[in-house]
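Each remark here refers to the structure printed beneath this line.
The values are calculated or read from the model by the stated rules, or taken from the named source; none is laboratory data. Everything quoted here is computed from the prediction, not taken from an experiment. Don't worry about glycine lacking a Cβ; one is built from the backbone with ideal geometry, like all the others, and counts go over all protein chains shown. Protein only, heavy atoms only, side chains kept; ligands, DNA and RNA dropped before computing areas. Shrake-Rupley method; radii C 1.70, N 1.55, O 1.52, S 1.80 Å.
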Amino acid sequence: MPDFIKVVLEFLINEGYKEAAEALCQDTGIDLPKEEIDHLDARVTIRELIEEGRIEEAIIKVEQLCPNLLADHPAVHFLMLQQSLIEMIRNHKTEEALMFSEAHIAGKDDQLTPQQREDLEKTFALLAFENPLESPFGGLLNHTHRQQLVVWSGAVRDASRRQRRRGQQL
């Protein structure tokens, strides 16, 4: 299969265009990577959950699809936990946000990078403002922040998938 078709097929699969990937494979006479298609619906669901701000559900789905992904990539796990906290703050669930932080983030300072600590401080600072969206850290509440998480989690998931495939070929 020519490299450009591989690239196009991978793009279609990564972006959730199942029917287009199937059509490309049929038109070019190549085999559809069954494992990729089997997980495609789950990956699309994860992306949609993140875009909708349903991060805890997305975490559960990620763990079902790729059980070691978050453990192997603590930076992405941190981003998902941070986004969960942001969503609680967005929805004015202050008490729930504090309980969530205590359960999932507190006591793990030694595991955070300086940048992650700074990001977490900015997230917690949102709680100090009556209207967090208008605070100096209101950008965290923009939907673009969710999109960044979609990109990060997708990139890590895809890298893990490629690494597993290379391991199977050895």
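Only lysines eight or more places from K61 in sequence, or on another chain, were considered; those with a Cα closer than 22 Å are K18, K34. Relative to the globular-protein estimate of 2.2 N^0.38 Å, the Cα radius of gyration of segment 1-95 stands at 1.34.
In angstrom, the C-alpha Rg and Dmax of segment 36-77 are 10.1, 27.
Using the Cα gyration tensor of segment 44-123, with a ≥ b ≥ c the square roots of its eigenvalues, what is the shape: rounded (a/c below 1.5), prolate (a/b larger than b/c) or oblate (neither)? Can you show the working numbers first?
Details: a/c = 1.87, a/b = 1.15, b/c = 1.62.
Note, shape of segment 44-123 comes out oblate.
Name the most mobile residue of R90, R117, R157, meaning the one with the largest mean-square fluctuation, in a Gaussian network model of the chain with Cα contacts below 10 Å. Judging by the Gaussian network model, the answer is R117. The accessible area of H73, taken with all protein chains in place and a 1.4 Å probe, comes to roughly 60 Å². For the chain, taking Cα atoms only, Rg and Dmax work out to 18.6, 59 Å respectively. Of the two radii for segment 87-129, the radius of gyration is 0.97 times the Kirkwood radius, both from the alpha carbons; that is the Rg over Rh value. Taking the charge dipole of the chain about its Cα centre, with +1 at Lys and Arg Cβ atoms and -1 at Asp and Glu Cβ atoms, the residue from Q115, F100, Q26 reaching farthest to the positive side is Q26.
The dipole here belongs to the chain: it is taken about the Cα centre, uses +1 on the Cβ of Lys and Arg and -1 on the Cβ of Asp and Glu, and is about 440 debye. Can you grab the distance from the C-alpha centre of segment 1-54 to the C-alpha centre of segment 115-151, Å, no decimals? Here the two parts' Cα centres lie 32 Å apart.
Tell me, what is the 1.4 Å probe accessible area of F129, in Å² to the nearest 10? For F129, solvent-accessible area is about 80 Å². Projecting the Cα atoms of F78, V44, V8 onto the dipole axis of the chain, where Lys and Arg carry +1 and Asp and Glu carry -1 at the beta carbon, places V8 farthest toward the positive end. Converting phi to 3J(HN,Hα) with the Karplus coefficients 6.51, -1.76 and 1.60 and the offset θ = phi - 60°, segment 22-35 yields 4, 5, 4, 5, 5, 5, 9, x, 9, 6, 6, x, 4, 4 Hz in sequence order, with x at every glycine or proline.
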